[in-house]
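The values are calculated or read from the model by the stated rules, or taken from the named source; none is laboratory data. All values reported here derive from a predicted model rather than from experimental measurement. Quick reminder, even Gly has a Cβ in these numbers, built from the backbone with ideal geometry, and neighbours come from all protein chains shown.
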Amino acid sequence: MLDTLLEIVNTVRNNKGLATLSDLKPSQDLRNDLGFDSLDLAELTVRIEKEHGIDIFADGFVLTVSDILAKLAK
Amino acid sequence: MPDKIFLHDYKTGKRYSYNQLLADLNALSNLERYCYKQDLYTIFLTIIAANLHQIALVLLDADFSYEELQKFQINATMLAEKEHVVPPSINSVDELVGRLIVNKDWELTLFTSGTTGLPKSVTHTFKSLTRAVRISSRHAGDVWGFAYNPTHIAGLQVFYQALLNGNTLINLFSAARHTVLDFITSFQITNISATPTFYRLLFPLTELYPSVKRLTSGGEKFDGALSEKLLDFFPNAKLRNIYASTEAGTMLEGVGDIFVLNDENCYRIVENELYVHRSLLGKGDTTSLEDDEWYPTGDLVELIQEDPKKFRFLQRKNEMINVGGYKVNPLEVEENICIHHAVKQAYVYGKPNILLGNIIIADIVSDAGITEKELRDFLQSRLQPYKIPRIMNFVSFIELTRSGKLKRT
């Protein structure tokens, strides 16, 4: 799960000219640590939904990598 | 007078007092005709100086590309043009306000997404720009969270509401969530005007923000569930929903998503579309007026009561896509994608998204093996960031209608 999420995160990062990350930590904040703005977060949700069929923002808000993992584990 | 804060900007970490503002205005002897700047204080100073000296000003988004400016027929020489003025000697905020508000015919031009694929200019007068501004001693203590782009109509209206009441402005536009929340408390912000997207991105909220008296929402479809959640954390705030457009400025104030049409000389509904009388419009383009009198807003409404007329907004009649309060014209985006030599055809549309309202998607036909990243980089030099598709699907064909147009659903 973490691997496919890492791939998606890196796609969004690379698209905006940020470096590829080698790993993700559950505690990482999507905005402060991964450098995502609101447009990036929207892109991330669409890409995750495409891969996993789950809209991570559908029921409440996610701030960190572990918040996403929790939504995907449901 | 005590040295009240005019603006605090998190981007530069700088704080400007009203005394500083007056000193800077009193020192200015050369004024630009085009404002194409990044720094918020400099943008505000440029607008106030132009208004004060009655020099017509054109406001440009700082992220307009060189290609976009060329399309508006604005070149480097024009950007560098300056007008010499005699420096004023203004001694107080009251005197400044008094000298600004008499220039009712002063003109300010801004750009908005046009329906043809090219952004169009709209020229407002001071009068049309500040129609919704209320000056009163009741507002003297207001502290504004500034959450809009300063070169767009909503930002200008918040700016004038604050300036003309001598209020403090705290920049929150594009600020990180924790910065916004810190500032609401530390500056005791009383008023915030923002898009539903701005408010959505504040969640999850855990603390109460009792200083806020008024939360205004606009620029996107009203979000009822969001409003209820906001009131849990802003216990002293009143919520209001504003309907405004670049062409006409602030027009109507709703209760929830319901608007009352109280003046039939100014507004009317024809075939479910809201029309606005030309008397409310900025100058600018009059070609789209019907009978030389009425401007079709492109907003479709549902009438829910006859007398007095009450309605709610349904959707856009044209194809404009609302991305977090920014209107994006898919035709403009398609046109720019198709400039790339590897692209044969492009179809741009909005996909509903819970964070931003919509996200821009492009279906692209290309037989030259271009990547999404390459195309995004190409578009970055041509379009403002919010107009660039966030998802690109490479497809083998795009369905056309019988008239040869892209099929839009």
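Data overview
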item: Looking only at region B:158-215, and only at residues there that are charged (D, E, K, R) and over 17 Å from B:Ser137 (Cα atoms), the one that is surrounded by the most Cβ atoms within 10 Å (Cβ to Cβ); result: B:Arg200
item: Positions within region B:377-392 being within 10 Å of chain A (Cβ to nearest Cβ) and farther than 13 Å from B:Ala342 by Cβ, in sequence order; result: B:Gln380, B:Pro385, B:Tyr386, B:Ile388, B:Pro389, B:Arg390, B:Ile391
item: Region A:49-70, subset crowded, with 18+ Cβ neighbours inside 10 Å and more than 12 Å from chain B (Cβ to nearest Cβ), residue farthest from B:Leu226 (Cα to Cα); result: A:Val65
item: Given (1) touching a Phe, Trp or Tyr at 6+ places or on another chain (Cβ under 9 Å); (2) part of a strand (DSSP E or B); (3) not hydrophobic (A, V, I, L, M, F, W, C), number of the condition B:Tyr148 does not satisfy; result: (2)
item: Whichever residue in region B:340-362 is more than 28 Å from B:Gly224 (Cβ to Cβ) and either crowded, with 21+ Cβ neighbours inside 10 Å or at pLDDT 90 or above (or both) and, among such residues, is nearest to the other protein chains (Cβ to nearest Cβ); result: B:Ala362
item: Odd one out for B:Ala225 among (1) touching a residue at least 12 places away in the same chain (Cβ under 8 Å); (2) out of contact with any Pro (no Cβ under 6 Å at 6 or more places or on another chain); (3) under 19 Å from B:Ile192 (Cα atoms); result: (1)
item: Selection count where residues are among the aromatic types (Phe, Trp, Tyr) and either over 22 Å from A:Val62 (Cα atoms) or in contact with a Pro (Cβ under 7 Å, 6 or more places away or on another chain) (or both), scope region B:186-221; result: 1
item: Boolean, B:Glu335 is touching a Pro at 6+ places or on another chain (Cβ under 8 Å) and closer than 27 Å to B:Ala362 by Cα; result: no
item: Complete set of residues in region B:244-264 that are surrounded by 14 or more Cβ atoms within 10 Å (Cβ to Cβ) and part of a loop (DSSP other than H, G, I, E, B); result: B:Thr246, B:Glu247, B:Ala248, B:Asp257, B:Leu261
item: Condition check for A:Leu44: under 12 Å from the mean Cα position of the chain (by Cα), within 13 Å of another protein chain (Cβ to nearest Cβ) and assigned to a helix (DSSP H, G or I); result: yes
item: Given (1) under 22 Å from B:Glu107 (Cβ atoms); (2) buried (at least 17 other Cβ atoms within 10 Å of the Cβ); (3) at pLDDT 95 or above; (4) within 21 Å of the chain's Cα centre (by Cα), number of the condition B:Ala56 does not satisfy; result: (2)
item: Wholly within region B:293-339, strands (runs of 3 or more DSSP E) carrying at least 1 residues that are within 14 Å of another protein chain (Cβ to nearest Cβ) and under 17 Å from the mean Cα position of the chain (by Cα); result: B:321-323, B:326-328
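For (1) charged (D, E, K, R); (2) farther than 15 Å from B:Asp9 by Cβ; (3) more than 14 Å from chain A (Cβ to nearest Cβ), each residue gets a yes or a no:
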site	(1), (2), (3)
B:Phe159	no, no, yes
B:Ala162	no, no, yes
B:Ile170	no, no, yes
B:Arg177	yes, yes, no
B:Val180	no, no, no
B:Ile184	no, yes, yes
B:Phe187	no, no, yes
B:Thr195	no, yes, no
B:Leu201	no, yes, no
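Results for (1) touching a Pro at 6+ places or on another chain (Cβ under 8 Å); (2) of a type outside the set (Gly, Ala, Ser), shown as yes or no for each residue.
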position	(1), (2)
A:Met1	no, yes
A:Asn14	no, yes
A:Ser22	no, no
A:Leu30	no, yes
A:Thr64	yes, yes
